[in-house]
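Notes to accompany the following structure.
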Amino acid sequence: MDKLLYKRILLKLSGEALAGDQKYGIEPQTIHAFAQEIAEVADLGCEVVLVIGGGNIFRGMSGSAKGMDRASADYMGMLATVMNALAVQDAIEKLGRETRVLTAIAMREVAEPYIRRRGIRHLEKGRVVICAAGTGNPYFTTDTAAALRAMELKCGAILKATKVDGVYDKDPMKHADAVMFKRVTYLQALEKRLGVMDATAISLAMDNDLPIVVFNLFTKGNIMRVVLGEDIGTIVTG
Ligand code: UDP
């Protein structure tokens, strides 16, 4: 059997990633492709926690920019992550893998409430655990939820899936001469605002020595590469 570098991972998928080529909503083919990659690493014996964003449906900041109360808008954003979580759950289960959605906002007809010990038990049984509704608190992001859940559920690393190959000195979508780093420290990421994750998430990871691997989600096989310890993307550590 291939040797796993990480026995348990937390994979952070942004909502945008689920929209595929569209700007909004959920694109079934894209989700199916991600589900396949997730099922493949789970089949190798890697325990997988997913934290899914909601930006493809609603972001609290855009609601508040249009005059909505920020906290109410953030709750809408959290509800958007639940829709995404159910879509990803469906796609993974179609491939024959057991999953559980755990929500930080109770809605027991839809999913289990997030209970840390239950989450760990599901992982031990080989179920893919999908954490929905962020942290359950307004003014946070799903990046922060990813860092928090990764620590609570004792994951070996956060895999931060992005549209680009890693962390760059400037936005590679806008600057052709942008240089990618192989390794950056938490402090460099914070001080230089390298756009790895938001500052709250990075600080939380830093305080608990949790590595963050930033990599391109759209290169097929990349989740597996990270799990097997191939040197791709950028690693953020102390
Ligand atoms: N959100 C929140 N608290 C959390 C996580 C998320 O209030 O703990 C809200 C916030 O409004 C955010 C939205 O949910 O804009 C969607 O999450 P996020 O923007 O992190 O999604 P992504 O950018 O990863 O798609």
Report summary line: For region 185-213, pairs from a residue that is closer than 20 Å to Ser14 by Cβ to a residue that is basic (Lys, Arg) and in a helix (DSSP H, G or I), with Cβ under 8 Å and 6 or more apart or across chains, are none
Query - Residue ID - farthest from Val49 (Cα to Cα), chosen from residues in region 59-105 that are among the polar types (S, T, N, Q) and buried (at least 16 other Cβ atoms within 10 Å of the Cβ) - result: Ser64
Query - region 1-21, subset out of contact with any strand residue (DSSP E or B) (no Cβ under 9 Å at 6 or more places or on another chain) and more than 14 Å from the ligand (Cβ to nearest atom), residue farthest from Gly55 (Cα to Cα) - result: Met1
Query raised in the report: Among the listed residues Met151, Met173, Met206, which satisfies the condition of being in a helix (DSSP H, G or I) and either more than 15 Å from the ligand (Cβ to nearest atom) or surrounded by 22 or more Cβ atoms within 10 Å (Cβ to Cβ) (or both)?
Result: Met206
Query raised in the report: Are any residues in region 195-216 out of contact with any Asp or Glu (no Cβ under 8 Å at 6 or more places or on another chain) and modelled with pLDDT under 95, and if so, which ones?
Result: Val196
Report summary line: The helices (runs of 4 or more DSSP H) lying entirely within region 33-132 that contain at least 2 residues which are touching a strand residue (DSSP E or B) at 6+ places or on another chain (Cβ under 6 Å) and within 16 Å of the ligand (Cβ to nearest atom) are 70-94
Query raised in the report: Under 6 Å by Cβ, and 6 or more places apart or on different chains, what pairs join a residue from region 86-109 that is touching a residue at least 24 places away in the same chain (Cβ under 8 Å) with one that is away from the ligand (no atom under 15 Å from the Cβ) and part of a loop (DSSP other than H, G, I, E, B)?
Result: Glu98/Arg127; Thr99/Arg127; Arg100/Arg127; Val101/Ala111; Thr103/Ala111
Report task. Report yes if some residue within region 135-146 is within 13 Å of the ligand (Cβ to nearest atom), among the hydrophobic types (A, V, I, L, M, F, W, C), outside any helix (DSSP H, G or I) and within 28 Å of Gly195 (Cα to Cα); otherwise report no. Result -> yes
Report summary line: Filter region 1-32 for residues that are part of a helix (DSSP H, G or I) and hydrophobic (A, V, I, L, M, F, W, C); the one that is farthest from the chain's Cα centre (by Cα) is Ile31
Query raised in the report: Given the conditions (1) surrounded by 14 or more Cβ atoms within 10 Å (Cβ to Cβ); (2) in contact with a helix residue (DSSP H, G or I) (Cβ under 6 Å, 6 or more places away or on another chain); (3) of a type outside the set (S, T, N, Q), and given that Arg116 satisfies all but one, which numbered condition is not satisfied?
Result: (1)
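The values are calculated or read from the model by the stated rules, or taken from the named source; none is laboratory data. Please read these numbers as outputs of a predicted model, since none were measured by experiment. Heads up, the Cβs are rebuilt from the backbone with ideal geometry, glycines too, and the neighbour counts pull from every protein chain shown.
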